[in-house]
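S.K.: Before anything else, here's the structure in question.
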Amino acid sequence: MSTKVVNQKGWLFVLPVVVLVAFNAIIPLMTVVNYSVQETFGDNIFFFEGVKWFKQVLHSERFHAALGRQLFFTFTILAIEVPLGVAIALAMPRKGVWVSVCLVLMALPLLIPWNVVGAMWNIFALPEIGLLGKTLNILGIDYNFTRQPISAWATLIAMDVWHWTSLVVLLAYAGLSSIPDAYYQAARIDGASSWAVFRYIQLPKMKRVLTIAVLLRFMDSFNIYTEPFVLTGGGPGNTTTLLSIDLVKVALGQFDLGPAAAMSIIYFLIILALSWIFYAVMTRGEE
């Protein structure tokens, strides 16, 4: 019979983090829950409405349209950034001075503030004076992201790919760097092809870091607000009005606090559910 004593003092180091999270997340969340079931006309007077706002949001065509645009954006950038990030990580050197150079270059886009990224791409893509916009029009491509929905979506996706693919690259590169050389030596002795090395050695060893990369990019892309708002403002029309932009319009533009609070909770539950599905699928089969 084991007489090992488990030391629980380690929880004391976690306690400050728990308290901080509770203060910064749980208390504001309870405030949102409070507004989601009540109506107010000011003067701190509230009227209980039950699930009225939740029904209104769930039956709203506006919410469904914004959610559809959000899902399209998120799954599109995941389909581009994850394979592209892995491909770039595979092409990067493993030894020598160029390793540091490549890592610094990959990290640069991540250091730029989100509002600056949106402003940069806004100027870069302007059809009259922007380098990208003017060049495309000179080449005979009719491009104007301020008026054309397809151009707006293409610019928005290109901006996010430029900004966030580096995160996937760095995570994938970390996974590749952790693979012992003995695996590659055994593959060379067996005469394994490059595809076989990737399929049976590199990809399985990157599985955990790719799970983190997919989850981070999914949650961040689903919460994205600053970059698309600065770039397109949700336009032209409502073409690029993602769920986060529509939520801000309801909460601050229309000052409908009840529907906005209900929409926030639904938004949160969607992210939580999809994140759990991603994690369950990507870790399936692991002990």
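The values are calculated or read from the model by the stated rules, or taken from the named source; none is laboratory data. Since the model is a prediction, treat every value here as computed from it, not as a measurement. Positions of Cβ are generated from backbone atoms using ideal geometry, with glycine treated the same way; all protein chains shown enter the neighbour counts. These area figures cover heavy atoms from the full protein model, side chains too; ligands, DNA and RNA do not enter into them. Shrake-Rupley method; radii C 1.70, N 1.55, O 1.52, S 1.80 Å.
S.K.: Go through the range 27-43 and count every residue that is among the hydrophobic types (A, V, I, L, M, F, W, C) and loosely packed, with under 11 Cβ neighbours inside 10 Å.
M.R.: Of the residues in the range 27-43, 3 are among the hydrophobic types (A, V, I, L, M, F, W, C) and loosely packed, with under 11 Cβ neighbours inside 10 Å.
S.K.: For the range 129-162, give me each residue that is in contact with a helix residue (DSSP H, G or I) (Cβ under 8 Å, 6 or more places away or on another chain), in contact (Cβ under 8 Å) with a residue 12 or more places away in the chain and assigned to a loop (DSSP other than H, G, I, E, B).
M.R.: Tyr143, Asn144, Phe145, Thr146, listed by residue number.
S.K.: Criterion first (hydroxyl-bearing (Ser, Thr, Tyr), open to solvent by 30 Å² or more (accessible area, probe 1.4 Å) and either outside any loop (DSSP other than H, G, I, E, B) or over 29 Å from Leu111 (Cβ atoms) (or both)) does Thr165 satisfy it?
M.R.: So Thr165 fails the test.
S.K.: Of all residues in the range 201-257, count the ones that are part of a helix (DSSP H, G or I) and over 28 Å from Met120 (Cβ atoms).
M.R.: Residues in the range 201-257 being part of a helix (DSSP H, G or I) and over 28 Å from Met120 (Cβ atoms): 13 in total.
S.K.: Let me ask you something else. Just to confirm my filter: which helices (runs of 4 or more DSSP H) fall fully inside the range 25-110 and include at least 2 residues that are touching a His at 6+ places or on another chain (Cβ under 8 Å), under 15 Å from Ser166 (Cα atoms) and polar (S, T, N, Q)?
M.R.: none
S.K.: Further question: Given the conditions (1) surrounded by 11 or more Cβ atoms within 10 Å (Cβ to Cβ); (2) out of contact with any strand residue (DSSP E or B) (no Cβ under 8 Å at 6 or more places or on another chain); (3) without any contact (Cβ under 8 Å) to a residue 40 or more places away in the chain, and given that Phe46 satisfies all but one, which numbered condition is not satisfied?
M.R.: Checking Phe46 against (1) surrounded by 11 or more Cβ atoms within 10 Å (Cβ to Cβ); (2) out of contact with any strand residue (DSSP E or B) (no Cβ under 8 Å at 6 or more places or on another chain); (3) without any contact (Cβ under 8 Å) to a residue 40 or more places away in the chain, the one that fails is (2).
S.K.: Give the range 191-202 a look and list any residue that's closer than 15 Å to Ala87 by Cβ and open to solvent by 60 Å² or more (accessible area, probe 1.4 Å), or say none.
M.R.: Ser194, Trp195, Arg199
S.K.: Still on this structure, please answer the following. Select from the range 112-162 the residues that are among the acidic types (Asp, Glu) and open to solvent by 50 Å² or more (accessible area, probe 1.4 Å) and write down the one among them that is nearest to Gln70 (Cα to Cα).
M.R.: Here the answer is Asp142.
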